[in-house]
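Single-structure report; data block below.
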Amino acid sequence: MNIVVCVKYVPDATAERGFDPGDRTVDRSGVPGLLSELDEYAVEAALKLADAGDAEVTVLTVGPADAADALKKSLQMGAGKAVHVLDDAIHGSDSVGTSLVLAEAVRKLGGEQPVDLVLCGMASTDGSMSVVPAMLAERLDLPQVTFASELEVGDGTVRIRRDGEAATETVEAALPAVVSVTDQANEPRYPSFKGIMAAKKKPVQTWSLTDLGVDAGAVGLAAAWTAVDSFEARPPRQKGTVVTDEGDGGQRLVAYLAEQRFV
């Protein structure tokens, strides 16, 4: 089985991020990045399938040079090889452009050996849109089964359990397919010392838009369907209100909560 996992390199959510005043994209300078936490569950799902049978796991990312760190973490976890789509023209791409690049990269990977399963996280921790898996499936003309809390593959099909607020669904699709998994699907493994050392020898390919046959005019900020109109710094945290209990503290607390419409 040939499994491709799409991963994303994202800014650390705990770091202070700014915007480039020129094009209003996220300014990544001086901001540490990492493999999107939600994508770790997709990598783990692929590795579990590989552990259970004969499967090759390739991790795929689209992003700047530093995005190689996301691939490195995935390889240390146990993925077999990696592909990095790196091209300055991709800067500023939205989900539509990103899905186009990913789709062409998956097609190119399938030219060596047909891709049986494409795995994605349920969302990226920076954009949180959850639309790329569906867009990718549409471009590849493959069935999509999304938000999997449990994943099974066998007899040419993929079956997932999707947990909703009021019900649980079991969804099945024929392979090849695109699947997104949630943070309930598994517990991502930590890279072992052996895995860290082995990752140094695993192949990593770097492709450009030309390698994929993608027109630079179809991606990037100018081709994006969405754009940031304006931005402003988050206001400083305000000093909290202290309620001193002088015998009526409970009533005053309830009154404050009601005034703020918390209750």
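The values are calculated or read from the model by the stated rules, or taken from the named source; none is laboratory data. This is a predicted model, so every value here is computed, not measured. Ideal geometry is used to build each Cβ from the backbone, glycine not excepted, and the neighbour counts take in all protein chains shown. Only protein heavy atoms, including side chains, enter the accessible area calculation; ligands, DNA and RNA are left aside. Shrake-Rupley method; radii C 1.70, N 1.55, O 1.52, S 1.80 Å.
Key figures
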{"item": "Helix 37-52 vs. the chain, principal-axis angle (Cα, 0 to 90°, nearest 10)", "result": "40"}
{"item": "GNM result for the chain, Cα springs below 10 Å: residue of Lys200, Lys73, Lys48 fluctuating most strongly", "result": "Lys200"}
{"item": "Over region 12-89, relative contact order from alpha-carbon pairs under 8 Å, at least 6 apart, %", "result": "25"}
{"item": "Per-residue ³J(HN,Hα) for region 229-242, Karplus 6.51 cos²θ - 1.76 cosθ + 1.60, θ = phi - 60°, Hz, x for Gly and Pro", "result": "6, 7, 8, 8, 5, 5, x, x, 5, 7, 5, x, 8, 9"}
{"item": "Shape of region 2-212, Cα gyration tensor, a/c cut at 1.5", "result": "rounded"}
{"item": "Segment Thr206-Val171, length gained on full extension (0.36 nm per residue, minus Cα span)", "result": "9.1 nm"}
{"item": "Pairwise label distance in nanometres, Gln251 with Asp155, each label 7 Å out on the Cα-Cβ vector", "result": "7.0"}
{"item": "GluC sites (Glu not before Pro) lying in DSSP loop within region 8-93, provided at most 16 other Cβ fall within 10 Å", "result": "Glu16"}
{"item": "Filter on Lys72/Lys202; Lys81/Lys108; Lys48/Lys81; Lys73/Lys202; Lys8/Lys194 - keep pairs with C-alpha separation over 21 Å", "result": "Lys8/Lys194"}
{"item": "Mean Cα-pair separation over length for the chain, i.e. relative contact order, pairs under 8 Å, 6 or more apart, %", "result": "23"}
{"item": "Calculated FRET efficiency for the pair Ser29/Ala227, C-beta based, R₀ 22 Å, to 0.05", "result": "0.60"}
{"item": "Protection proxy ranking, peptides 3-15, 104-116, average beta carbon neighbours within 10 Å, highest first", "result": "3-15, 104-116"}
{"item": "Carbon + sulfur, % of accessible area of the chain - ligands and nucleic acids excluded, 1.4 Å", "result": "50"}
{"item": "Surface per residue (accessible, 1.4 Å probe) for the chain, Å²", "result": "57"}
{"item": "For Asp27, residues with placed amide H under 5 Å, excluding near neighbours", "result": "Gly18, Phe19, Asp20"}
{"item": "Magnitude of the charge dipole, the chain, Cβ model with Lys/Arg +1 and Asp/Glu -1, debye to 20", "result": "620"}
{"item": "Relative contact order, percent, region 119-263 [alpha-carbon distance under 8 Å, six or more residues apart]", "result": "17"}
{"item": "Value at 222 nm in deg cm²/dmol, rounded to 500, when DSSP H runs of n ≥ 4 in the chain each add -39,500 (n - 2.57)", "result": "-8500 deg cm²/dmol"}
{"item": "Three-way shape label, region 29-111, alpha-carbon gyration tensor, a/c 1.5", "result": "oblate"}
{"item": "Sparsely packed GluC sites (Glu not before Pro) within region 163-263, loop by DSSP, other Cβ within 10 Å at most 11", "result": "Glu165, Glu232, Glu246"}
